[in-house]
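S.K.: Mind looking over this structure? Questions follow.
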Amino acid sequence: MTSPVLRMSKLYAPTLKESPNDAEIASHKLLLRAGMMRKTASGVYTFLPLGYKVLAKVESIVREEMDAIGAQEIMMPALQPAELWHESGRWNDYGPELMRLSDRHDHDFCLGPTHEELITSLVRNELRSYKQLPLSLYQIQVKFRDEIRPRFGLLRSREFIMKDAYSFHATQESLQETYDDMSRAYGNICERCGLDYRPVEADSGQIGGKVTTEFMALAPAGEAELVHCSCGYAANTEAGECICHPTLYKNDGLEKIATPGIHTIEELAEFLGIPESSTVKALSGKNDEGKLIVMFVPGDHELNEIKAARAAGGFELLTDDEMEGYGLHKGSMGPVGLPEGAHVIADRSLESVPAWVVGANEEGYHYVGAAIGRDFTVDEWADLSVVKPGDSCPVCGLPLQGARGIEVSQVFQLGTKYSESMGATFMDEDGKEKPFIMGCYGVGVSRTVAAIVEQHSDDAGIAWPMSVAPAHVCVIPLALNGDVLPVAEKIAAQLADLGFEVVIDDRKERPGVKFADADLIGWPVQVIIGQRGLDNGTIEVKLRRTGDKRDVPMATFVEMMSFARRQAKASKAGYGTFDILFDR
Ligand code: ATP
Ligand code: MG
């Protein structure tokens, strides 16, 4: 279908020369500057025509990928009754991020941050038989989360667009199949949006469940820290297994050393002239039952709170007063001479270090050569440390690399968490009533738009991948008199006939202004038409992504674009960079 040629003279795309003060990262600045969106309130944005076109394209890609794996689109309300959230227990558990309100009859509601409760209540009385399973339903809808720090524009907003899908199964195998389909679809979505991404091992956090993968767009502005390996392994450092290599300093007897004023690992390592990996860090806390737990990790690593809580059955750090009560000293804690009943859990990497450099449980003193078994005992060994670059890949053993990422989407195996708490059951083959086994799958559609800009922009502005650009080609007449405008109009119309989405910059502006706006907005292809070129029978074509420019004979231009279009259509994902224009 031919779309009408857009006219810059009519388009509501108010570009800005300067970035607004509160915008810190490229996507936030450029989406505002390019006239794609405007801030309405903190973490709340209006999409202007060009930004909305991009959002709609990302939505279409998501929709195509969901439909392709047999998920069915529905539309649930954003407004959700509190009763459903009481049933699942999340009215209390979700905390202040949940936007709560009440109606004129004093009935409580929330604005949905996610829709597990709603969808479970939707199907629980009507999806009755194993014969109807599996079933996957999805929607593309606005979500609300009263984030503590809304920031970075669309990356962390309080109102945002999410595609959320939910699947219902009779068996774990069936869930696994859909989970794998969804994971593949999520990879396709990232690829078709032009994102450099990694699927990473993740922690399941709030939602619960056992198996989950996050899809991370690699970008320095990302809030997530990742490790990844050339073998393909990648993990969020919140969740990744840590295989590290602490080093032995000395093992020739227990030696108490005066370390006056030394409280940090850095100070201790410097004082002794040894690497931090030869020291051991201690942390004291209590578990959910109030039992004293002391944890040890290699000095050059941090304790992972999620792993700590899992290993100890909850782990809350002791306050200074509590430590004093136990006779423990911050900065000189160690495993020798701990209070009666303290439960010691140490990072399993330390099992290979026979004698430790560690606090002496006495202000201003440390031990060197504290030997496992002889001087102290460890009750449990566990993976406790936050993985970091340089640690070993759990799959192939090579050193891991570090990166930052933007979580654009996530898939979860929920199991029966919601179906059990909300009584959603079906009749299985054996005639027994069973809770659904569920999965849930979310794509941050508006966050994806920001992630694309983070990866596809430069000092001059955005460089949209063809697949999500607000239009494919911008025709720029350098003058509005003589032949220039009529030729530009004709070319714009021809390109539109070929199936390109075309915009013409027919504004009464200087060429410099038009070029700057075209680069800022980020049209993938610019076709520049000026009198001098016309006199020579050529027009100039510029690719935004590479900045490459070429004079093309008028006579072959349309044929060349037609060829590029066919090539792009034939490419795997149905889009291309149009570099092909320059390869001939
Ligand atoms: P985060 O850890 O970044 O807060 P989340 O893990 O809580 O995100 P999910 O519940 O997994 O988010 O939601 C699915 C998707 O929705 C996320 O992968 C992300 O792309 C998007 N999303 C979540 N919170 C926001 C937000 N505040 N602004 C924009 N997009 C968001
Ligand atoms: Mg998530």
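Readers should treat all values here as calculations from the given coordinates under stated rules, not as data from a laboratory. Computed from a prediction, not measured in an experiment: that's the story for all the values here. Every residue, glycine among them, receives a Cβ derived from its backbone with ideal geometry; neighbour counts consider all protein chains shown.
S.K.: Quick one: 3J(HN,Hα) in Hz for segment 290-303, Karplus 6.51/-1.76/1.60 with θ = phi - 60°, rounded, Gly and Pro as x.
M.R.: x, 6, 6, 10, 10, 10, 10, 10, x, x, 8, 10, 9, 6
S.K.: I need the peptides 336-348, 414-426 ranked by packing, meaning the mean over residues of other C-beta atoms within 10 angstrom, with the highest value on top.
M.R.: 414-426, 336-348
S.K.: Which log10 I(q)/I(0) values does segment 336-470 give at q = 0.09, 0.18, 0.21 Å⁻¹ under the Debye formula, counting every alpha carbon as one identical point scatterer?
M.R.: -0.69, -1.07, -1.25
S.K.: When each pair of different Cα atoms in segment 393-433 is counted once in the 1/r mean, what is the Kirkwood radius in angstroms, to one decimal?
M.R.: 15.0
S.K.: Quick one: of the DSSP bridges fully inside segment 53-206, what percent are antiparallel, nearest 5?
M.R.: Around 90 percent antiparallel, to the nearest 5.
S.K.: Can you give me the long-range amide H partners of residue 314? Hydrogens built in the peptide plane at 1.01 Å from N, cutoff under 5 Å, separation of 5 or more residues or another chain.
M.R.: 288
S.K.: Follow-up. Using just the alpha carbons, could you tell me how many Å³ per residue the convex hull of the chain encloses?
M.R.: 208
S.K.: Can I ask one more? Across segment 463-473, in residue order, what do the Karplus-derived ³J(HN,Hα) couplings come to in whole Hz, using 6.51 cos²θ - 1.76 cosθ + 1.60 with θ = phi - 60° and x for Gly and Pro?
M.R.: 10, 4, x, 3, 5, 10, 4, x, 7, 7, 10
S.K.: Have a look at 528, 464, 538 and report the one farthest towards the positive end of the charge dipole of segment 460-582, computed about the Cα centre with Cβ charges (Lys/Arg +1, Asp/Glu -1).
M.R.: Among 528, 464, 538, the one farthest towards the positive end of the dipole of segment 460-582 is 464.
S.K.: Oh, and also: Work the Kirkwood hydrodynamic radius out for segment 255-382: mean of 1/r over every pair of different alpha-carbon atoms, inverted, in Å.
M.R.: When all Cα pairs of segment 255-382 are included, the Kirkwood radius is 14.4 Å.
S.K.: Rounded to two decimals, what is the ratio between the C-alpha radius of gyration of segment 20-103 and 2.2 N^0.38 Å?
M.R.: 1.50
S.K.: Can you work out the Karplus-derived ³J(HN,Hα) for every residue in segment 153-169? Use 6.51 cos²θ - 1.76 cosθ + 1.60 with θ = phi - 60°, whole Hz, and x for glycine or proline.
M.R.: x, 6, 5, 9, 10, 9, 10, 8, 9, 10, 9, 10, 10, 9, 10, 10, 9
S.K.: Dividing the Cα convex hull volume of segment 460-582 by residue count, how many Å³ per residue is that?
M.R.: 90
S.K.: Could you pull out every residue, at least 5 positions away or on a different chain, whose amide H is within less than 5 Å of the one on residue 359? Hs are placed 1.01 Å off N in the peptide plane, and Pro or chain starts have none.
M.R.: So residue 359 has HN proximity to 333, 367.
S.K.: Based on DSSP H runs of at least 4 residues, each adding -39500 (n - 2.57), what is the mean residue ellipticity at 222 nm of the chain after dividing by all its residues, to the nearest 500 deg cm²/dmol?
M.R.: -8000 deg cm²/dmol
S.K.: I need to check one value: relative contact order of the chain, counting alpha carbon pairs closer than 8 Å and at least 6 residues apart, in percent.
M.R.: Reported as a whole number, the value is 17 percent.
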